[in-house]
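Colleague: The structure that follows is given in the form of structure tokens.
The values are calculated or read from the model by the stated rules, or taken from the named source; none is laboratory data. Every value quoted in this text rests on a predicted model; they were computed, and no experiment measured them. Here the Cβ positions follow ideal geometry from the backbone for every residue, glycine too, while neighbour counts run over all protein chains shown. The protein model used for the area step is the full one, side chains on, heavy atoms only, and it has no ligands, DNA or RNA in it. Shrake-Rupley method; radii C 1.70, N 1.55, O 1.52, S 1.80 Å.
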Amino acid sequence: MDIYNSLRRFFGEDFYRKVLNFSKNICINPFETLVGTIISQNTNRRNTLKAFKELKKNIVISPQNILDTPIYLIEESLKGAGLYRIKSRRLKIISKIIVDEFGGDFNKIFEMDPMKLRKFLLSLPGVGYKTADIILLFCLKYPIMPVDTHISRIVYRLGLTSSKIYEDIRNSLEKYLDKSYEKYVFIHLALIEYGRKICMKRRPKCDICIFRDDCRWYFQNYG
Ligand code: SF4
């Protein structure tokens, strides 16, 4: 199954260019990207952006500033994003680690080799596999596939794995991909879009799906 070229053909050149341009802006400031992913947990994109903007209005987002800001001010900013007390505490702890271990310079973490960096990110409170892999892919340009709910559903339905464990899903998908940063970025964003528009959770549009001939779910249900 040629996932990359199938998606390129399906979405066309405009989408491809749009996605690559968009990806360049995801990690202009890696620490802000991490803060954004912490805020985004258990909430939607609109609430995340609102809370992030609110935080940015109140402080310049840096590890030292978050550490120095009274927690109630951070909580106030994050209120619209839910779980604001937990998220504020996590941001404080992460900031303290960055200040203590890297002199407050978050970019220094990128001096670690990618797998060591992944382990370090996973050790931070509130940072799971998806967040760590987003940082690795979009900030370090290291080809690793962050798996979100859409990607997970598509990979599972296709039958690339029978496991629902993050690492199994990621590994089973990566077996089909060339180790290229640009291709990983495109496939990551294209599969999310594909999951929103075609392989939706309810009533997937199998009749127009480019993966139908290779899909275990389709054959189990309609074959
Ligand atoms: S055939 Fe249906 S279930 Fe399978 S990947 Fe396509 S849309 Fe999803």
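Colleague: Which one of these is farther than 30 Å from R157 by Cα and surrounded by 16 or more Cβ atoms within 10 Å (Cβ to Cβ): Y84, Y16?
Modeller: From the options Y84, Y16, the qualifying one is Y84.
Colleague: Quick one: would you say V127 is closer than 24 Å to D2 by Cβ and open to solvent by less than 30 Å² (accessible area, probe 1.4 Å)?
Modeller: Answer is no for this residue.
Colleague: Which of (1) in contact with a Pro (Cβ under 9 Å, 6 or more places away or on another chain); (2) farther than 26 Å from L191 by Cα is the odd one out, the single condition S62 does not satisfy?
Modeller: Every listed condition holds for S62 apart from (1).
Colleague: Any residue in the range 152-173 that is open to solvent by 60 Å² or more (accessible area, probe 1.4 Å) and within 19 Å of G12 (Cα to Cα)?
Modeller: no
Colleague: When only residues in the range 201-213 that are near the ligand (Cβ under 8 Å from one of its atoms) and within 29 Å of F138 (Cβ to Cβ) count, which is most open to solvent (accessible area, probe 1.4 Å)?
Modeller: Looking at the filtered set, the residue picked out is K205.
Colleague: Of the residues that make up the range 147-167, is at least one out of contact with any Leu (no Cβ under 8 Å at 6 or more places or on another chain), without any contact (Cβ under 8 Å) to a residue 24 or more places away in the chain and under 19 Å from M115 (Cβ atoms)?
Modeller: Yes - at least one qualifying residue is present in the range 147-167.
Colleague: How many residues are within 18 Å of the chain's Cα centre (by Cα) and within 14 Å of the ligand (Cβ to nearest atom) when one looks only at the range 188-200?
Modeller: 7
Colleague: Scan (1) more than 10 Å from the ligand (Cβ to nearest atom); (2) at pLDDT 95 or above; (3) within 28 Å of F22 (Cα to Cα) for the single condition Y181 breaks and write down its number.
Modeller: (2)
Every residue, every condition in (1) open to solvent by less than 40 Å² (accessible area, probe 1.4 Å); (2) more than 30 Å from Y181 (Cα to Cα); (3) among the acidic types (D, E); (4) touching a residue at least 12 places away in the same chain (Cβ under 8 Å), yes or no:
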position: T69; (1), (2), (3), (4): yes, yes, no, no
position: E76; (1), (2), (3), (4): no, yes, yes, yes
position: S95; (1), (2), (3), (4): yes, no, no, yes
position: F106; (1), (2), (3), (4): yes, no, no, yes
position: K116; (1), (2), (3), (4): no, no, no, no
